[in-house]
Every structure is written in structure tokens, then in C-alpha cells.
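S.K.: Here it is: the structure, laid out below.
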Ligand code: ATP
Ligand code: MG
């Protein structure tokens, strides 16, 4: 059966586009072009209508204030509270017993967290934060593993107008220190320890060595997750469960101005030092609830939705926490890694919770491909009706595998292009309307205006820009308005430069080609990293690939391909030649890699994205740039020695 499927993947690779299946389309929230037309006819009216699906304590009368671009303000005379919108209004509507999260722990523990239960916990912790001296506008750091308390902490901040700054639990203490220092955090919420693949590590004790350097920090709240012993500093450290028990159970949500900051979050650092991105309340919540509802065709009474991202990334903020909760969704929240206790755990959980909607990243799909179609085949995945992808361009081969092996050819795939900066999905299909093409995020959503502007060299590709402000856009880089303007608006205050290169086809579909800085130029021809990598991945022996350019006297730049083979495949000179020919046959001779480097692993950010700038440093034998956001810095040393061997 699995060989049938593998053959089916190969066959479908030739299919250029997939229309929404008829029965999906029939039941979809949106199944015609009317929303696109409505938004095009009256963009601001359209956004106002989306914003009004939220609960406003004081309705707004102004939609957009664009008098000081690129500093835009949305709905700015309105007042609302994000935690009220995520919790109270659902409980008031009689949905207190609905499950918000099926939490599943690494060792198989389960907790069903209802909307009513979450509201009670959030109120207590919000009061506890107040008791600790946190006031509206104060920054609270959150450094926690994937446990329900991370959601409680975020919403408790939102409830009292405090600004959260979540740091991904996999970062080192120094990264926490830097982010707390820069944002002037007053309180940090963390845990005694964390579990990762069966091992327990200490968290709070590791932080103690660096937190003394954060002058603004007054209190540290410790969530008991692993039961590890912790050295508590009596003047500074308190237990989460103790302060919650001591707190008043009732804490009404405080309505804040629409433009009140909701959170600061650092980008993943694929292209350099991470940027501290600031999002505000009304516009952000409008953007995430609208996109979560329509891109995932949400039917909250019947769907079980699972976004595998960690809450420490923007995908977790927008599509694990705020979007799903604002829409009254039932989600799965999984503590663990995709390969623990076994490599089929995701599919086991899909079966167990009857997941309908599954949202993950290309890097994870490629890993699952490498592990083989047998693992998902052991589980009943028939509950799935919609799949999503985010984080990088998805190789058509991985897309097709996802479609066949996971989606059983029934489920539309929404490939969603967006960024920490955009807050919410910008380019993606509405799954009941838009035909999908493997590798393309398709069209800008209703209300979003994308375009291409010429880069330094003219050809059919260009720089991806957003040409009108949108509600969930970042408002600035925290404490650095100048860098905000310089980084994103160098082509004028209305033209948001995403930093990605893209192409648009005859149907108006966008194809992200890679980061602007990563595009390769061979003999005057611009080649996309995504395209060359997809050609490599389409080879049966290849699991994953990353390409970069190194200088070449003859051609200006030459392509170096770092290639990870599938289990069982062995590196050889013949395979090297075969791969180079394979790329040349698919794209053209110019794209033929000058060199193939066998890689056991590729350098990735902790969110799983390939970091090409570091591969360029390796390929050119240069000193390495910023490596602080890498998941495993040792990868680079191993690659260097592999490069030396292939010379
Ligand atoms: P940094 O900005 O710190 O270098 P980063 O850009 O990786 O890090 P994110 O905001 O997490 O941080 O990622 C956004 C980027 O991810 C986009 O600019 C794009 O390059 C890539 N991306 C996200 N989704 C997609 C997608 N569906 N298709 C193609 N690329 C995507
Ligand atoms: Mg970025």
C-alpha cells in the first residue's frame, strides 16, 4: 500500500493545479469570489466589518488613520480586550464547557482545558500579576514549554493590559536575558524544568546565572512542570500555583485602546539578528480571527484543529492562541517533539482526537517523508479535511506527499505566506474557492494588496511588497522606529518590503522564490533558491536540500548544493553527477550545481527554517555570522569538514 502511495505521489507531481473538491466546496464558509470583490470595492469597509466580529467595549468610529505613514493606526478610538474576546464572550454565549485545548503531554498525559476553566485560571493569574505589581503597559516575559500555563500567562497579560514578550523555550538563557533587557521586562514567567524527548532539563536554575543582569526585573514566577527542585530567591521568586491560589478569582478584563500594545515578539532570525516586533490589540486580533476563520474554513462546533507550532513563534501566537481562541475553536496542544515517543506520534494524535484541520511546516513534512509513509499509514487519518503549511516555500514533492499520504487526496492544502511582521496570513487560498498549485501560496487574501516591484535586476521576478496597510501589521520595531522605517519602507511609506523575492504567474498566483539576499545570479540569470532546491528534492534519493551561491570567476556566482539523502541512500560520485544532471534537466544548464556537498543535517533556526546565510559563510570559508538562533550550532562544524572532504 505504501509503495502504491509513493507511486501516486510521483504521478501527481505532473499535475499543475488542484481544484477544491466538490464536497469541500459545498460546505465551505466561502465558495465564491464575492469576498474578494467586496474587499476590492471597499477595503476599509471590509476591514471594519471584520473588526466588528469582535466584541468592542467602545465601538470604533475611525477605521484607519494613515496621516503619519508608515506609522498606521487602526480602529484607534475603539476599546476592547483580547482576553475578553478569547474567553468571556464564549463563556457568556454558553460555551464554557467547550474544550479549548486537548493538551497532550510527552508521556501521554492528557488534560482537556475548557473555555470556562481557562477563563477561571486566567482571571486568577491576572490578579496574581497585579499583586506582583504589574500594571497596564508593563512588559512580562514568558519562557515556558508547551503547557497550558503558557496560554494562561499570555491571556492574563492581555487581560490587564500588560505586554507579553514570549521567548521560545528552546532558546538559551542568554537569549532570554537579551530579550528581557531590551524590552525592560518587570516580571518573567518560567518553569522549574522542561521535558524534551524523555529527558528533563532544569530551566529556572539555568536562568539564575543571567537574570541578575536584567535591571528592570522585579519578580520571577515559576510554574511547576517537572517537579525538579528549584532554588527560590525569596525576594524575587514565587510559585505560580501559590500566587494563583492566593489571588482573587474574579478579574474583569480591562478594555484597552485598540492601539495598545499586545505583545513584543522576536522574528526567527533566518536572515540575521532577530527583530523585536510590536503588535497592538485591535488590528492584530481582527487579522488573526479573520484569517483563522476563513483560511482554515473553521466550523467551530465540529472541527478539531491542530497547529503544531510552538507558542514561542508568531505562528503559535496567531494560530495556536489568539486566532483559534477568538473563534471559539477546539485545538490540540502537544507538549512534545514530532519523533517522541515515536516517529508516528502526530498521526497517533490525529486519530486519537479526530483532528480535522492540521497546520504544520515544510521542514516537518520533509522529515515525515524521510521517515516513510508506513508510519502515517498505521493510523486512521480519515477525520482530516484540511491541511496547512507555513514557514518556508514548500517543495512540490513535499506538497504532493502531504496531499496523498496525509490528506488522502481529499483535503485542500492551504500554503500560507506571512511573517512575524504581518501578524496574520497574507497570501493563501480560501480553500473552498481557490485552486491550489503545489509550491505556490496562491493569491492575496481579501483585504490584502500584494505586488511585485523590480529588484536591482529586471526579470520576471521581483520583490514581494504589500501596497496597502493592513490591520495586523507590526506597528514598529520595539524601541527603534528608525530601524522599522529603514528595514521595511525603503521604497516609500506605503510600500511594505517583505524581504522575499517572488514571481507572479498568469493566474495572479504568487510563488515565493526565497529571501531577497539568497537569490543566486549565474551568468546574469537570477535563479531562485526554492526552485533549485525543489528540483533536488524531486530526486528520489534526496530528503532535503539547500542551495547557496559562491563567487565564481567565470559565471559571477556558482551554485553550491547542500544535500541530505533519504534513509538508505549512499553518497557517491555517480549520485553527485546524477543530481547535477537532474537539476539541469528540470530547470536548465545554468542551474546545474557546481558542487554538491553531502550533509547529514542542514543548519536551521529553532523554528526549523534553513539558514542559507550561514551556508554561504561555510561555502566561502568565511567567519560565521550570528548563530544564536540556530537549533544546533554543531551542524556547521560538521558541514565544514564535509565540505573539505568533497573539495
Ligand atoms: P528573520 O526575519 O529574523 O530573518 P524569519 O524571516 O525566518 O526571520 P519569520 O517571520 O518567522 O522569521 O518568517 C517569515 C518568512 O518565512 C517569510 O518572509 C518567508 O521568507 C518565509 N515564509 C513563511 N511562510 C512561507 C510560505 N508559505 N511560503 C514561502 N515562504 C514562507
Ligand atoms: Mg523575516
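The values are calculated or read from the model by the stated rules, or taken from the named source; none is laboratory data. Computed from a predicted model, the values in this text were never measured in an experiment. When we count neighbours, we look across all protein chains shown, and the Cβ atoms used for this are built from the backbone with ideal geometry, even at glycine.
S.K.: Take the range 269-295 and flag every residue that is within 13 Å of ligand 2 (Cβ to nearest atom) and over 20 Å from residue 181 (Cβ atoms).
M.R.: Within the range 269-295, 270, 271 meet the criteria.
S.K.: So if I check each of 593, 571, 603, 540, which one is within 28 Å of residue 311 (Cβ to Cβ) and touching a residue at least 24 places away in the same chain (Cβ under 8 Å)?
M.R.: 603
S.K.: Identify all residues within the range 589-615 that are out of contact with any helix residue (DSSP H, G or I) (no Cβ under 8 Å at 6 or more places or on another chain) and more than 16 Å from ligand 2 (Cβ to nearest atom); write none if there are none.
M.R.: 589, 590, 594
S.K.: Follow-up. Exactly one of these conditions fails for residue 473: (1) within 20 Å of residue 439 (Cα to Cα); (2) within 16 Å of ligand 2 (Cβ to nearest atom); (3) touching a helix residue (DSSP H, G or I) at 6+ places or on another chain (Cβ under 9 Å). Give me its number.
M.R.: For residue 473, the failing item is (1).
S.K.: Quick one: what pairs do we get from the range 54-66, first residue under 18 Å from residue 289 (Cβ atoms), second loosely packed, with under 14 Cβ neighbours inside 10 Å, C-beta under 8 Å, 6+ apart or different chains?
M.R.: Filtered contacts from the range 54-66: 63/45.
S.K.: List the number of the failed condition for residue 635; all other conditions in (1) closer than 25 Å to residue 579 by Cβ; (2) surrounded by fewer than 19 Cβ atoms within 10 Å (Cβ to Cβ); (3) at pLDDT below 90 hold.
M.R.: (2)
S.K.: Going by the structure shown, is residue 536 in contact with a helix residue (DSSP H, G or I) (Cβ under 8 Å, 6 or more places away or on another chain), within 25 Å of residue 462 (Cα to Cα) and at pLDDT below 95?
M.R.: no
S.K.: While we're on this one: Within the range 78-103, which residues are surrounded by fewer than 22 Cβ atoms within 10 Å (Cβ to Cβ) and not in a helix (DSSP H, G or I)?
M.R.: Residues satisfying the conditions are 79, 96, 97, 98, 99, 102, 103.
S.K.: While we're here: For the condition at pLDDT below 95 and out of contact with any strand residue (DSSP E or B) (no Cβ under 6 Å at 6 or more places or on another chain), what is the one hit in 372, 316, 287?
M.R.: Testing whether each residue is at pLDDT below 95 and out of contact with any strand residue (DSSP E or B) (no Cβ under 6 Å at 6 or more places or on another chain) leaves just 372.
S.K.: If you go through the range 609-620 one residue at a time, do you hit one that is closer than 29 Å to residue 373 by Cβ, within 32 Å of the chain's Cα centre (by Cα), touching a residue at least 24 places away in the same chain (Cβ under 8 Å) and in a loop (DSSP other than H, G, I, E, B)?
M.R.: Yes.
S.K.: Would you please name the residue that is surrounded by the fewest Cβ atoms within 10 Å (Cβ to Cβ), looking only at residues in the range 377-404 that are over 23 Å from the mean Cα position of the chain (by Cα) and assigned to a helix (DSSP H, G or I)?
M.R.: Only one residue fits best here, namely 377.
S.K.: May I ask you to list the residues in the range 405-432 that are within 7 Å of ligand 1 (Cβ to nearest atom) and outside any strand (DSSP E or B)?
M.R.: Matches in the range 405-432: 418, 419, 420, 421.
S.K.: Which one of the conditions (1) surrounded by fewer than 19 Cβ atoms within 10 Å (Cβ to Cβ); (2) under 22 Å from the mean Cα position of the chain (by Cα); (3) under 30 Å from residue 47 (Cα atoms) does residue 483 fail to meet, given that it meets all the rest?
M.R.: All conditions are met except number (2).
S.K.: Moving on to the next point. At least 2 residues that are within 27 Å of residue 477 (Cα to Cα) in each: list the helices (runs of 4 or more DSSP H) lying fully within the range 1-77 that qualify.
M.R.: In the range 1-77, the matching helices (runs of 4 or more DSSP H) lie at 43-51.
S.K.: Right, next: Condition test on residue 63, is it touching a strand residue (DSSP E or B) at 6+ places or on another chain (Cβ under 8 Å) and surrounded by 17 or more Cβ atoms within 10 Å (Cβ to Cβ)?
M.R.: Yes; evaluated as a whole, the condition is true for this residue.
S.K.: Could you please let me know if residue 467 is more than 10 Å from ligand 1 (Cβ to nearest atom) and under 23 Å from residue 275 (Cβ atoms)?
M.R.: When the stated conditions are applied, residue 467 passes them.
S.K.: Please verify whether residue 512 is in contact with a helix residue (DSSP H, G or I) (Cβ under 7 Å, 6 or more places away or on another chain), in contact (Cβ under 8 Å) with a residue 24 or more places away in the chain and more than 16 Å from ligand 2 (Cβ to nearest atom), treating the condition exactly as stated.
M.R.: So residue 512 fails the test.
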